[in-house]
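Accompanying notes for the structure given below.
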Amino acid sequence: MSTQTGNVSLYDFRTLLGVVQQMPREHTFLRDTFFPTTKTFMTKEVDIDIIGPDKRKLAPFVHRYTGGTFSYRDGYSTKSYQPARIAPMMITTADEAFTRAPGETIYSQFNPAQRMNAIVADNLKQLDKQITRREEWMAAQALFTGKIEMKGEGVNDVLTMWDNAKKPETDIATKWDQPNATPFDDLVACVDKVGELSGRTANKLIVGRKVLKVLMNFLVKDGSLDPRRINLGHIEPAKVQANGVQYIGTLLYPHLDIYAYTETFVDDAGTNTPLVPDNIAFLASDGAMTTRAYGIVDIIDENNNIRFVEGSRVANSWVQRDTPAGRVVQMISHPLMIVNEPYAFHVMKVLS
């Protein structure tokens with residue numbers, strides 16, 4: 001079963017790396033919207049700068065013959081962290097190369113070698129999707145809890161980005177499903193808090209299915225479901241580029257684009273869990289500093305050489321002779337979602 005073109009194997013490290021780098025990435029809402037800046041490192045550890053509250057200092061007046069006064073940077077903390085390894089893999093056996101793939105016609109002219117290559121290419125796509133889903137989960141954890149808990153085989157670690165003494169979250173006293181709730185007042189107060197602590201203006205409101213239902217019911221009962229309070233039905237396709245997200249409309253005061261995000265993941269207990277917690281409304285600011293970071297990846301290639309690769313994805317492949325025997329492909333990544341300006345975001349606990 002030939003898998004070579006000329007003298008270059010399709011499973012050669014360089015060939016696989018080129019394939020992975022050219023693969024289109026699946027869009028995800030939280031990662032792509034709030035972590036647009038990607039940075040790769042040639043080191044195992046990633047440097048993390050966390051910016052504290054904006055002190056909003058005014059430049060002082062001085063006498064014209066005075067040289068001036070020194071101004072010092074606002075406080076920030078720096079830490080180094082080694083991202084956990086994510087390395088899912090799949091195996092393709094020889095038997096699969098003789099089996100018609102889903103969607104393949106019974107009259108297909110694929111020979112076993114071609115079918116094997118097609119299966120391996122599809123496996124790479126599936127592995128990339130798995131890593132993408134993990135990155136989206138990491139983005140949700142970083143934004144909504146201020147920490148990322150990385151637990152798995154041989155790893156049990158937590159990266160914390162919030163200051164425990166002053167977390168960017170508010171536990172709303174009168175929950176939005178209560179009779180005397182005041183969602184608009186709560187939103188105004190929290191938008192003001194974002195501006196006070198970060199110097200940025202919150203302009204996005206992210207909610208899950210339950211909070212959206214409560215908020216829309218409030219708008220109906222309050223008689224606020226009109227163009228003076230909220231702009232509904234104004235379709236802007238550019239604002240919706242991922243599965244599970246729906247642009248609802250724009251609240252005119254406070255001025256917030258409202259998004260419902262209902263994407264879920266299966267947790268370690270096998271439970272289908274929403275990425276946006278059921279009880280929160282999340283305020284976000286465009287332009288807030290965040291980083292989608294990737295640590296260096298080390299692999300052993302087909303010639304038993306150790307390679308170090310800078311990038312977001314690295315693929316590797318080898319033949320496994322133990323049962324089940326077959327061609328193994330693996331996708332490796334060392335991602336980390338960093339919220340450099342945590343006070344430019346705000347978590348509102350609005351339901352019990």
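The values are calculated or read from the model by the stated rules, or taken from the named source; none is laboratory data. This is a predicted model, so every value here is computed, not measured. Every residue, glycine among them, receives a Cβ derived from its backbone with ideal geometry; neighbour counts consider all protein chains shown.
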(request) Take Phe184 and decide whether it is surrounded by 15 or more Cβ atoms within 10 Å (Cβ to Cβ) and either on the phi > 0 side of the Ramachandran plot or not assigned by the TED database to the domain that holds Ala260 (or both). (result) no
Practice item. Kindly establish whether Arg56 is among the basic types (Lys, Arg), farther than 30 Å from Pro324 by Cβ, touching a helix residue (DSSP H, G or I) at 6+ places or on another chain (Cβ under 9 Å) and at pLDDT 80 or above. Key: no
Only unsatisfied item for Val188, checking (1) touching a residue at least 12 places away in the same chain (Cβ under 8 Å); (2) assigned to a loop (DSSP other than H, G, I, E, B), is (2)
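Return the residue satisfying two criteria in turn: it lies in segment 130-173 and is part of a loop (DSSP other than H, G, I, E, B) and either touching an Asp or Glu at 6+ places or on another chain (Cβ under 7 Å) or surrounded by 14 or more Cβ atoms within 10 Å (Cβ to Cβ) (or both), and of such residues it is modelled with the lowest pLDDT.
It comes out as Asp163.
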State whether the residues of segment 217-234 include one that is modelled with pLDDT of 75 or more, closer than 21 Å to Ala140 by Cα and either out of contact with any Cys (no Cβ under 9 Å at 6 or more places or on another chain) or surrounded by 15 or more Cβ atoms within 10 Å (Cβ to Cβ) (or both).
no
ask   = Could you say whether any residue in segment 263-278 is within 17 Å of the chain's Cα centre (by Cα) and crowded, with 22+ Cβ neighbours inside 10 Å?
value = yes
Log entry, pairs with first residue in segment 248-262 being under 22 Å from Asn279 (Cβ atoms), second being in a strand (DSSP E or B) and of a type in the set (Gly, Ala, Ser), beta carbons closer than 6 Å, six or more apart or on different chains, reads Ile248/Ala260; Ile258/Gly249
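Working carefully through the options Ala281, Ala293, Ala315, find the one that is within 25 Å of the chain's Cα centre (by Cα), over 30 Å from Val194 (Cβ atoms) and surrounded by 15 or more Cβ atoms within 10 Å (Cβ to Cβ).
The conditions single out Ala315.
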The number of residues in segment 318-334 that are surrounded by 22 or more Cβ atoms within 10 Å (Cβ to Cβ) and of a type in the set (Lys, Arg) is 1
